[in-house]
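Asks: I have a structure I would like to understand better, so I am pasting it below and will then ask my questions one at a time.
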Amino acid sequence: MKSGLNLRIKAASLLRRIFSKRFLKFGTVGASGIVVNQGVLYLAQEYIFHVSYVPGEVNWVGLNLSLGLAIFFATLNNFFWNRLWTWADRKQHYNRPWTLQFGQYTLSCGVSIALQVVFTNLMAPHVYYLIANFIAIVVTSVLNFVLNDIWTFGRVKMLPTSRARKNSKDDAA
């Protein structure tokens, strides 16, 4: 009985987190990331790698190189906007170098990025590559938000700060 209650409390907490003002900001930033992602993907496919679209055929190398560029630029865009706007109220994240936090952000997004690539590749033979990529982004966005809200911009600490290490040494003495 108690485990069922705990599960309901955790589910309610997750739903509150997802349907919050912060999630709307995250979605807005994500929408700008979609524009960056789709724009870079299109430019890379059409102009950098000169891949012509033929229904039912996919140039896998060109598609995946284009996806890599698109994901990289969209990730940079989203990280900086999320840091400056979505989670601006969590000032403790400014104590960490942005490069370390970008590493956390990238790791948090890694699962979503991998799923985006897999889903895009699975759907590309059946639908236009931009539509396949858009669907993949939407599917993976909720997982991406939860991971970043908890770890990258949350209160979970990966490494103890020098002050915490000093305090633990003082406590041991």
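Asks: How much length is gained on full extension from SER13 to PHE80, taking 0.36 nm per residue of separation minus their Cα-Cα distance?
Replies: Here the segment from SER13 to PHE80 would lengthen by 21.5 nm.
Asks: Given just the C-alpha atoms of region 77-127, how large is their convex hull per residue in cubic angstrom?
Replies: 84 Å³
Asks: Spin-label point model (7 Å from Cα, Cβ direction): what's the ILE150 to TYR47 distance in nm?
Replies: Taking the simple label geometry, ILE150 and TYR47 are separated by 4.1 nm.
Asks: May I ask you to compute the full-extension gain from VAL118 to VAL54, defined as 0.36 nm times their residue separation minus their alpha-carbon distance, rounded to one decimal in nm?
Replies: Full extension from VAL118 to VAL54 adds 21.0 nm.
The numbers here are math on the coordinates, done by the rules we state, and not lab data. A quick note: this is a predicted structure, and the numbers were derived from the prediction, not measured. FYI the Cβ positions are ideal-geometry reconstructions off the backbone, even for glycines, and counts take in every protein chain you see.
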